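One structure below.
The values are calculated or read from the model by the stated rules, or taken from the named source; none is laboratory data. Just so it is clear, the model here is predicted, and its values are computed rather than measured. Here the Cβ positions follow ideal geometry from the backbone for every residue, glycine too, while neighbour counts run over all protein chains shown. Each accessible area value is taken on the protein alone, full model and side chains, heavy atoms only, with ligands, DNA and RNA left out. Shrake-Rupley method; radii C 1.70, N 1.55, O 1.52, S 1.80 Å.
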Amino acid sequence: MLSVVVGKRIEENAELLLGDVQDRLGGAAPAVVVSDEYPAYAAALLAVFGEAVVPPRTGRPGRPAGPRVVPPRGTCYATVHKHKQRGRVTAVETRVVFGAWAPGGQACTSYLERQNATDRHRNARKSRKSYRFSKDWEVHAAMTAFTLYSYNFCWAVRTLRQQDRAGRWQRRTPAMAAGLTDHVWPLEEWLTLPGVQR
């Protein structure tokens, strides 16, 4: 997970999320973005990563075309459309919104859906149909950050493990897989590490 914004599902929060992603990627636009069909994502992608272009003059009479925002070069944004019958998914269709999709590629939101399920499992405040809700918005945001970062640094994920030269399996966390750390952090180490490193 590169970033998270706690709040309502609105265009302003989508822009906040993508602005933070842009900072974490050093200003570069991501090569592939896949989401559900919520229309705010396309607008937020253009607002954050879009490039302002002034069309060339055509030589024809009339007012020249003004500047417009175009998708960033090298970025493909696709959505996943699920066809359902009687509450069950019968087919999944990829729809490219802008950019060029790799031939034979399949857009997929399963990683994000898996992360959402893990988040609900680890944070009881987000469980569906329960009374374990947050009474204070700041506490809810803090608990979201706690579960997200402890998952990335302290929880060894079975599917990320690797075999060493001796054939033994080495446990790895998502932060280890991303190259951010070299060991599984105990919760105490993660909680006591100073926020600002000198």
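Working note: 222 nm ellipticity from helices only, DSSP H runs with n ≥ 4, each -39,500 (n - 2.57), summed and divided by the residues of the chain, gives -10000 deg cm²/dmol to the nearest 500. Basic side chains Lys and Arg get +1 at the Cβ, acidic Asp and Glu get -1 at the Cβ, and with that the dipole of the chain about its Cα centre reaches some 760 debye.
Taking the charge dipole of the stretch 63-198 about its Cα centre, with +1 at Lys and Arg Cβ atoms and -1 at Asp and Glu Cβ atoms, the residue from CYS154, LEU187, ALA141 reaching farthest to the positive side is ALA141.
Restricting attention to the stretch 1-53, which trypsin sites (Lys or Arg not before Pro) occupy a DSSP loop and are surrounded by at most 15 other Cβ atoms within 10 Å?
LYS8, ARG9
Normalised by 2.2 N^0.38 Å, where N is the number of residues, the alpha-carbon radius of gyration of the chain equals 1.29.
Nearest 0.05, what FRET efficiency do LYS8 and ARG73 give at R0 = 35 Å with Cβ-Cβ as r?
Values: r = 32 Å, r/R0 = 0.91.
After rounding, the FRET efficiency stands at 0.65.
Please give the FRET efficiency for LYS84 paired with SER110, using the beta carbon to beta carbon distance and R0 = 22 Å, rounded to the nearest 0.05.
Details: r = 16 Å, r/R0 = 0.75.
Between LYS84 and SER110 the formula returns 0.85.
Label sites at LEU180 and ALA102, each approximated as a point 7 angstrom past Cα along Cα to Cβ, lie 2.4 nm apart.
Restrict the search to the stretch 51-88; then list the trypsin sites (Lys or Arg not before Pro) that DSSP places in a loop and that have at most 10 other Cβ atoms within 10 Å of their Cβ. Walk me through the intermediate numbers first.
Details: sites: ARG57, ARG68, ARG73, LYS82, LYS84, ARG86, ARG88; in loops: ARG57, ARG73, ARG86.
Qualifying residues, ordered by number: ARG57, ARG73, ARG86.
Could you work out the pair-distance distribution P(r) of the stretch 65-120 from its alpha-carbon pairs, with 10 angstrom bin width and percents rounded to whole numbers? Per 10 Å bin, starting at zero, the Cα-Cα P(r) for the stretch 65-120 comes out as 19, 35, 31, 12, 4 percent. Between Rg and the Kirkwood Rh of the stretch 1-91, both from Cα atoms, what is the Rg to Rh ratio? We get a ratio of 1.11 for the stretch 1-91.
In this label model, PHE146 and ARG95 are separated by 4.0 nm, measuring between points 7 Å along each Cα→Cβ vector. Probing with 1.4 Å while keeping every protein chain in the model, the per residue accessible area of the chain equals 73 Å². Just to be sure I understand the rule: take each whole DSSP H helix in the chain, project its Cα atoms onto its long axis, keep it if the span is 15 Å or more and its mean Kyte-Doolittle hydropathy is at least 0.0. Which ones pass? Flagged H segments are 137-154.
For the stretch 138-182, the fraction of 1.4 Å probe accessible surface lying on carbon and sulfur atoms is 52 percent. A straight line joining the Cα centroids of the stretch 92-157 and the stretch 34-48 runs 17 Å.
Solvent-accessible area of LEU2, all protein chains in place: 100 Å² (probe radius 1.4 Å, heavy atoms, ligands and nucleic acids excluded).
Tally Lys/Arg at +1 and Asp/Glu at -1 over every other residue whose Cβ is under 10 Å from the Cβ of ALA40; what's the total? The partial results should precede the final answer.
Numbers: positive: ARG9; negative: GLU11, GLU12, GLU15.
With Lys, Arg at +1 and Asp, Glu at -1, the neighbours total -2.
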